[in-house]
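The values are calculated or read from the model by the stated rules, or taken from the named source; none is laboratory data. In this text, all values refer to a predicted model and were calculated from it rather than measured experimentally. Cβ sites come from the backbone with ideal geometry, for glycine too, and all protein chains shown count toward neighbours.
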């Protein structure tokens with residue numbers, strides 16, 4: 001949370017931590033950051049009432065951007081906590097990273113960005129972002145994928161966007177200028193622009 005707050009302060013974007021579901025109604029954009037485990041995060045959202053508040057906001061058209069675990073929470077479920085349901089805003093499931101000798105993806109990785117990522121003037125390109133995760137989102141429909149990385153010869157989803165719901169597996173707040181630009185563009189437009 002502090003890294004996200006620092007990033008938003010650096011780009012002069014006003015923000016507020018929301019702890020009450022009723023406070024969600026006054027915000028035009030929602031960031032759902034996350035570091036930790038799927039089950040406890042969903043449990044906390046349920047206990048605080050924020051789960052229903054986020055769902056109502058998203059259904060009413062408020063743009064939502066999930067970051068890292070926040071992106072995974074947008075899906076239906078996670079292999080990390082199979083008995084816990086996600087928000088269900090995306091038809092997707094989260095599974096563990098596999099292949100290679102390291103099952104945690106940490107560090108800057110080159111994200112291949114698709115032509116549907118809101119950058120018509122740059123139809124396809126790569127950009128480096130900072131990752132730190134051991135699980136990844138697998139959408140039921142590949143049309144929502146707007147960015148991916150190569151993980152030991154397999155493609156892993158790095159960014160998704162469907163209507164007003166978006167998510168990034170990487171940490172834009174730790175990704176230098178390109179990450180700050182992403183956060184600023186989301187704050188201004190409500191769109192994911194990689």
Do we have any residue at all in segment 99-110 that's buried (at least 18 other Cβ atoms within 10 Å of the Cβ), assigned to a loop (DSSP other than H, G, I, E, B) and in contact (Cβ under 8 Å) with a residue 24 or more places away in the chain?
no
Inter-residue pairs, beta-carbon under 6 Å, first closer than 12 Å to residue 183 by Cα and in segment 1-29, second modelled with pLDDT of 90 or more and in a loop (DSSP other than H, G, I, E, B), 6+ apart
4/33; 8/15; 29/63; 29/190
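Among the residues of segment 150-185, count how many are closer than 18 Å to residue 92 by Cβ and either under 15 Å from the mean Cα position of the chain (by Cα) or at pLDDT 95 or above (or both). Steps first, please.
So in segment 150-185, the residues closer than 18 Å to residue 92 by Cβ come out as 151, 154-170.
Still in the list and also either under 15 Å from the mean Cα position of the chain (by Cα) or at pLDDT 95 or above (or both): 156-170.
Qualifying residue count, segment 150-185: 15.
Residues are listed down the side, and each one gets a yes or a no for (1) surrounded by 22 or more Cβ atoms within 10 Å (Cβ to Cβ); (2) more than 16 Å from residue 9 (Cβ to Cβ):
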site: 152; (1), (2): no, yes
site: 158; (1), (2): yes, yes
site: 166; (1), (2): yes, yes
site: 177; (1), (2): no, no
site: 185; (1), (2): no, yes
Restricting segment 72-85 to residues that are touching a helix residue (DSSP H, G or I) at 6+ places or on another chain (Cβ under 9 Å) and either modelled with pLDDT under 80 or within 20 Å of residue 154 (Cβ to Cβ) (or both), the one surrounded by the fewest Cβ atoms within 10 Å (Cβ to Cβ) turns out to be 79
Given (1) more than 13 Å from residue 168 (Cα to Cα); (2) at pLDDT below 95, where does residue 128 come up short, assuming only one miss?
(1)
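Looking at residue 88, is it touching a strand residue (DSSP E or B) at 6+ places or on another chain (Cβ under 6 Å), surrounded by 11 or more Cβ atoms within 10 Å (Cβ to Cβ) and either part of a loop (DSSP other than H, G, I, E, B) or without any contact (Cβ under 8 Å) to a residue 12 or more places away in the chain (or both)? First the steps, then the outcome.
Working: touching a strand residue (DSSP E or B) at 6+ places or on another chain (Cβ under 6 Å): no; surrounded by 11 or more Cβ atoms within 10 Å (Cβ to Cβ): yes; either part of a loop (DSSP other than H, G, I, E, B) or without any contact (Cβ under 8 Å) to a residue 12 or more places away in the chain (or both): yes.
Considered against the rule, which asks whether it is touching a strand residue (DSSP E or B) at 6+ places or on another chain (Cβ under 6 Å), surrounded by 11 or more Cβ atoms within 10 Å (Cβ to Cβ) and either part of a loop (DSSP other than H, G, I, E, B) or without any contact (Cβ under 8 Å) to a residue 12 or more places away in the chain (or both), residue 88 comes out as no.
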